[in-house]
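The structure under discussion appears below in the form of structure tokens.
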Amino acid sequence: MAVLILGAPVALLLFASTAGNVYRRARIGAKLAVLWSRVFCWIFGLIAEVEGTPPPPGSFAICNHITHFDALVISSLYPTSLVAKQEIRRWPLIGILSAAIGTVFVDRNNRKKTSSTVEQLRGYLEQGASITLFPEGTTSEGDCILPFKRSLFAVPANLGLPTYPIALHYARTGDAWHDDTPFVVHMFRLLGHPSHRLKIIFGAPIPPGLERKPLALEAQARVEELFAQFLK
């Protein structure tokens, strides 16, 4: 928590220095987030075994979602801006930090804002920032992949970009999944264990050329194929 508090002024300075240039903030903030995330993974005992190569800069990546701490793990492995639910913006301190480093917040209860979110993501990618999306839209118990929400797949489809599939799985899913537990309670639950091991597989990219819906279906199939390796 001390690291988080000390990091807040740095993030706010970044926010102030890049006012009016959210794309530059996203690129710099993603690099800053790698350092913070590695520290937080150490604090929470999140130990990742990685297979494959992380996406290059300017990539659109998708990953299954089990816990809020997935974002920390992903951010510790390569510079990327994340797509998060609007509620996180209201979390104490974490919401401020997330906004300051260029996180894209999605209001899932207001479909009218989807087009503006798509345009923001398009701008990020066109300016060389990477995006990582959790297309299930919620966390799961870690035993399957939930149906992907398709709207934001319009971004790589329209830009003609490859889509990079990622799958992750925790050794003790019961400890990692937060169910309906408040975030702070879940945080201390994780701190109550010395370590939490997980595996991450970076898959081969899906070539450009598919439209939004077929791309979303192909992306889900690719993540399910990677995830099946954890269950063998």
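Considering the stretch 202-232 alone, what residues qualify as being within 17 Å of Glu136 (Cα to Cα) and of a type in the set (Phe, Trp, Tyr)?
Pass one, the stretch 202-232, residues within 17 Å of Glu136 (Cα to Cα): 212-228.
The answer is Phe227, and nothing else.
crowded, with 19+ Cβ neighbours inside 10 Å, at pLDDT below 90 and aromatic (Phe, Trp, Tyr): which single residue out of Phe69, Phe60 fits that description? Write out each step before concluding.
On the way: Phe60 fails: at pLDDT below 90.
Within the list Phe69, Phe60, the selection yields Phe69.
For the stretch 60-79, what are the residues that are of a type in the set (A, V, I, L, M, F, W, C) and either within 14 Å of Val50 (Cα to Cα) or outside any helix (DSSP H, G or I) (or both)? First the steps, then the outcome.
Just the residues of the stretch 60-79 that are of a type in the set (A, V, I, L, M, F, W, C), to begin with: 60-63, 66, 69, 71-74, 77.
Within the stretch 60-79, Phe60, Ala61, Ile62, Cys63, Ile66, Phe69, Val73, Ile74, Leu77 qualify.
Would you confirm whether any residue within the stretch 11-29 is at pLDDT 80 or above and part of a helix (DSSP H, G or I)? Reasoning before the result, please.
Pass one, the stretch 11-29, residues at pLDDT 80 or above: none.
No, that holds for no residue.
Report whether or not Ala157 is at pLDDT 90 or above and of a type in the set (Gly, Ala, Ser). Before the answer, list the steps.
Working: at pLDDT 90 or above: yes; of a type in the set (Gly, Ala, Ser): yes.
Yes, satisfied.
Could you say whether any residue in the stretch 62-77 is among the aromatic types (Phe, Trp, Tyr) and under 16 Å from Ala167 (Cα atoms)? Before the answer, list the steps.
We begin by selecting, within the stretch 62-77, every residue among the aromatic types (Phe, Trp, Tyr); these are 69.
Applying the additional criterion that residues be under 16 Å from Ala167 (Cα atoms) yields 69.
The answer is yes, given that some residue of the stretch 62-77 is among the aromatic types (Phe, Trp, Tyr) and under 16 Å from Ala167 (Cα atoms).
The values are calculated or read from the model by the stated rules, or taken from the named source; none is laboratory data. Keep in mind it's a predicted model, so treat the numbers as computed, not measured. Note that each Cβ is placed from the backbone with ideal geometry, even for glycine, and that neighbours are counted across all protein chains shown.
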